[in-house]
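Single-structure report; data block below.
The values are calculated or read from the model by the stated rules, or taken from the named source; none is laboratory data. Bear in mind the structure is a predicted one, so any value in this text is a computation, not a measurement. When we count neighbours, we look across all protein chains shown, and the Cβ atoms used for this are built from the backbone with ideal geometry, even at glycine.
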2 protein chains.
Amino acid sequence: MSRMNAFRIVLIEPLYSGNVGAICRAMANMGFSDLTLVAPRIVDGWEEGGKLAVHAGGLLQRRREVATLDEAVADCTAVVGTTARLGLYRQHVRTPREWAPELLQTATRGRVALVFGREDNGLENDEVARCTHLIRIPTSTDYVSINLAQAVMICCYELFVAGGVFEVPGEKSPPAPAAQRNRLLTLWRQAMLAIGFMHEEKADHMMQGFQRIFSRGVKSEDDAHIMMGVARQSLWAAGHNTRWRPPEPPGGSGVIG
Amino acid sequence: MSRMNAFRIVLIEPLYSGNVGAICRAMANMGFSDLTLVAPRIVDGWEEGGKLAVHAGGLLQRRREVATLDEAVADCTAVVGTTARLGLYRQHVRTPREWAPELLQTATRGRVALVFGREDNGLENDEVARCTHLIRIPTSTDYVSINLAQAVMICCYELFVAGGVFEVPGEKSPPAPAAQRNRLLTLWRQAMLAIGFMHEEKADHMMQGFQRIFSRGVKSEDDAHIMMGVARQSLWAAGHNTRWRPPEPPGGSGVIG
């Protein structure tokens, strides 16, 4: 069972089923499952909601509908309101990222409601007064009003990320070790001399450039194999389909560094 | 001019104008302004897009439409692809939060494209191959496919937050200093004795409870004034509308601590 199941998303008097559906999908994306609507005023039927929920239709079906905010949050030990406005009661506001660790902690011992206001009118003052925590989502000062479904997504996303369960699926190939990196550079030096990309007297200088590029770009053993393959192929091509020998350098020193 | 103006949001063959409109609003929320569509396939006309853009209609009007991804990103020094799939080319993926500092840095010296794939089919392999960076948005393993507009919002939000320009508008009242906190506790002790909430012999113990609650709840000078007002009013009420005197304690010691 996901840690996120201790969180309840509460929507106050939502107007558009499309938003509710998008919220179901966002909740499912982030591992949330408890959705309660307070006195919904849906004006567009539920078809759009089902469409935007996509594979989270079950969550949409299982939504709870209640008449009042008090009823929606009665069993919650924390009630987190989201607001873009300042004013009475609205001074103690933090960003979702700032609140996330504390809310996750609280959610280990009780249910936590995230309360979102009306599309057209946000939360009323008496609703804000019922909140134990207030969230303000960072925005540009030019346009502070965020779409309801986007606001829910950002809050769920911040909690999910703070929960720390997600890791980007790792690189399958292990990181290239130093010895392999050295072999790559040695081979590359030989190849660049062989194809006449650089002369011996400039080789150290040019190799610094390759070293810089490879240090950033060649991360894994697979990466190193690819670039070593390039060098070997260059050596082969420079040898004109015969076994590779050091080419006659233009300066005549004949020694490969 | 916002730092975010160095970023370009590129949508590949978007299907739904509602998503494009919601993306315009999300971009405006986070201070972005450069939107390019590659070969849009809009199936629902542009009415829904205008509706969902709300106050970002200008951004929607100013969108650029081009025929190919190459054209869309020709002047960009970094091309950041978003992908929920793994596979060829897709190993070097980080979360938007992990990439954000580097991308902001890159954006000080050149244009950065954030490329989002089709609603129905994401990015093709040859499009992923054109990307210098790959992003994967953290999601639950149960439902990894995020709505296009939500994906754009999360990426823009992460860059905006990493930009560090947003601060939650501060508490107007300064934090309560220690001396004021002490006055509050002294006054509260007197008041709680006066109204008979506690007796002198239990006062130290009970005051620990108030101290704990006030340390968490009374943060600002305004908070402290409110709670001192409560104490003063209690003392007044206990004095029955006369000047307050210490009440006769039940135990008879008569001394207020």
- Task: Being modelled with pLDDT of 90 or more and away from chain A (no Cβ under 11 Å) is the filter here, so list the residues in the stretch B:80-95 that pass it.
- Result: B:Val80, B:Gly81, B:Thr82
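Here is a yes/no grid of residues against (1) closer than 17 Å to B:Val54 by Cβ; (2) within 9 Å of another protein chain (Cβ to nearest Cβ):
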{"residue": "A:Asp120", "(1), (2)": "yes, no"}
{"residue": "A:Asp126", "(1), (2)": "no, no"}
{"residue": "A:Cys131", "(1), (2)": "no, no"}
{"residue": "A:Arg136", "(1), (2)": "no, yes"}
{"residue": "A:Thr139", "(1), (2)": "yes, yes"}
{"residue": "A:Val144", "(1), (2)": "yes, yes"}
{"residue": "A:Pro177", "(1), (2)": "no, no"}
{"residue": "A:Arg181", "(1), (2)": "no, no"}
{"residue": "A:Leu184", "(1), (2)": "no, no"}
- Task: Give me a count of the residues in the stretch A:101-118 that are modelled with pLDDT of 95 or more and either polar (S, T, N, Q) or surrounded by fewer than 21 Cβ atoms within 10 Å (Cβ to Cβ) (or both).
- Result: 1
- Query: Listed residues A:Gly117, A:Gly122; which is more than 27 Å from A:Gly163 (Cα to Cα), small (Gly, Ala, Ser) and touching a Ser or Thr at 6+ places or on another chain (Cβ under 9 Å)?
  - Reply: A:Gly122
- Item | Set B:Glu98, B:Glu102, B:Glu65, B:Glu48: member being within 12 Å of chain A (Cβ to nearest Cβ) and touching a Ser or Thr at 6+ places or on another chain (Cβ under 9 Å) | B:Glu48
- Item | Residue pairs meeting the criteria (Cβ under 8 Å; at least 6 apart or on separate chains; first polar (S, T, N, Q), in the stretch A:190-208; second outside any helix (DSSP H, G or I)) | A:Gln190/A:Pro246; A:Gln190/A:Ile256
- Message: closer than 30 Å to A:Lys172 by Cα, free of Cβ contacts under 8 Å to residues at least 24 places away in the same chain and not aromatic (Phe, Trp, Tyr): which single residue out of B:Gln61, B:Gln105 fits that description?
- Response: B:Gln105
- If we keep only residues of the stretch B:123-151 that are in contact with a helix residue (DSSP H, G or I) (Cβ under 8 Å, 6 or more places away or on another chain) and in contact (Cβ under 8 Å) with a residue 60 or more places away in the chain, then the residue surrounded by the most Cβ atoms within 10 Å (Cβ to Cβ) is B:Ala149
- Message: If I ask for residues that are under 27 Å from B:Ala56 (Cβ atoms) and touching a strand residue (DSSP E or B) at 6+ places or on another chain (Cβ under 8 Å), which ones from the stretch A:100-126 would you list?
- Response: A:Leu114, A:Val115, A:Phe116, A:Gly117, A:Arg118, A:Leu123
- Restricting the stretch A:6-32 to residues that are among the aliphatic types (A, V, I, L, M) and within 12 Å of A:Val43 (Cβ to Cβ), the one surrounded by the fewest Cβ atoms within 10 Å (Cβ to Cβ) turns out to be A:Leu15
- Task: Would you mind stating whether A:Ala72 is assigned to a helix (DSSP H, G or I) and closer than 13 Å to A:Ile23 by Cα?
- Result: no
- Screening B:Val112, B:Val128 for residues that are among the hydrophobic types (A, V, I, L, M, F, W, C) and under 27 Å from the mean Cα position of the chain (by Cα) leaves only B:Val112
- So B:Val54 fits all but one of (1) buried (at least 24 other Cβ atoms within 10 Å of the Cβ); (2) of a type outside the set (D, E, K, R); (3) closer than 22 Å to A:Glu119 by Cβ; what number is the exception? (1)
